[in-house]
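Beneath this line is the structure, given in structure tokens, with notes to follow.
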Amino acid sequence: MDGCGWNPGSHSLATLMLARFGTPEQRSRWLPDLATGKRRSGIAAHRAAKRAVDLQGIATVAKRAGDHYVVNGAKTWITNARHADPLPVLVKTDPNAQPRHRA
């Protein structure tokens with residue numbers, strides 16, 4: 001995706017992720033404003049050592065801690081970071097999973 005395509009593309013991907021995997025409360029809280037453009041979203045996919053998205057090489061890890069996750073890692077070049085609310089962060093829950101795109 002070129003530079004101009006990343007902004008609407010990442011907003012659409014974030015909205016799709018929320019629609020498919022968000023809780024009912026998250027969907028009702030954010031989707032109406034995301035659909036009208038009142039809110040914008042983006043995606044935090046890039047890792048610090050890479051210049052391109054490598055979904056199989058995601059190094060940021062989320063570990064379950066009771067009823068929430070603790071995220072450990074770094075992201076760079078986060079699309080729409082300045083304006084995004086909410087902002088999904090792509091992480092791995094099992095960095096040793098095989099094949100690498102799982103978890």
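The values are calculated or read from the model by the stated rules, or taken from the named source; none is laboratory data. The shown structure was predicted, so the numbers you read here are calculated from the model rather than taken from an experiment. Every residue, glycine as well, gets a Cβ built from its backbone with ideal geometry; the counts of neighbours run over all protein chains shown.
Taking the condition more than 24 Å from residue 93 (Cα to Cα), hydroxyl-bearing (Ser, Thr, Tyr), at pLDDT 90 or above and surrounded by fewer than 10 Cβ atoms within 10 Å (Cβ to Cβ), does residue 23 pass?
no
Are any residues in the range 5-20 of a type outside the set (Ser, Thr, Tyr) and either in contact with a Cys (Cβ under 8 Å, 6 or more places away or on another chain) or surrounded by 15 or more Cβ atoms within 10 Å (Cβ to Cβ) (or both), and if so, which ones?
6, 7, 9, 11, 13, 14, 17, 18
Filtering the range 47-62 down to residues that are surrounded by 13 or more Cβ atoms within 10 Å (Cβ to Cβ), over 24 Å from residue 27 (Cβ atoms) and of a type outside the set (Val, Ile, Thr), which residue is modelled with the lowest pLDDT?
It comes out as 50.
I need the full set of residues from the range 69-103 which are surrounded by 15 or more Cβ atoms within 10 Å (Cβ to Cβ), over 15 Å from residue 17 (Cβ atoms) and among the small types (Gly, Ala, Ser), in order please.
73, 103
Yes/no matrix, rows are residues, columns are (1) part of a loop (DSSP other than H, G, I, E, B); (2) in contact with a helix residue (DSSP H, G or I) (Cβ under 9 Å, 6 or more places away or on another chain); (3) modelled with pLDDT under 85; (4) not small (Gly, Ala, Ser):
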{"position": "1", "(1), (2), (3), (4)": "yes, yes, yes, yes"}
{"position": "7", "(1), (2), (3), (4)": "no, no, yes, yes"}
{"position": "12", "(1), (2), (3), (4)": "no, no, no, no"}
{"position": "81", "(1), (2), (3), (4)": "yes, no, yes, no"}
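Tally up the residues in the range 57-72 that are small (Gly, Ala, Ser), closer than 17 Å to residue 88 by Cβ and outside any strand (DSSP E or B), please.
So the count comes out to 1.
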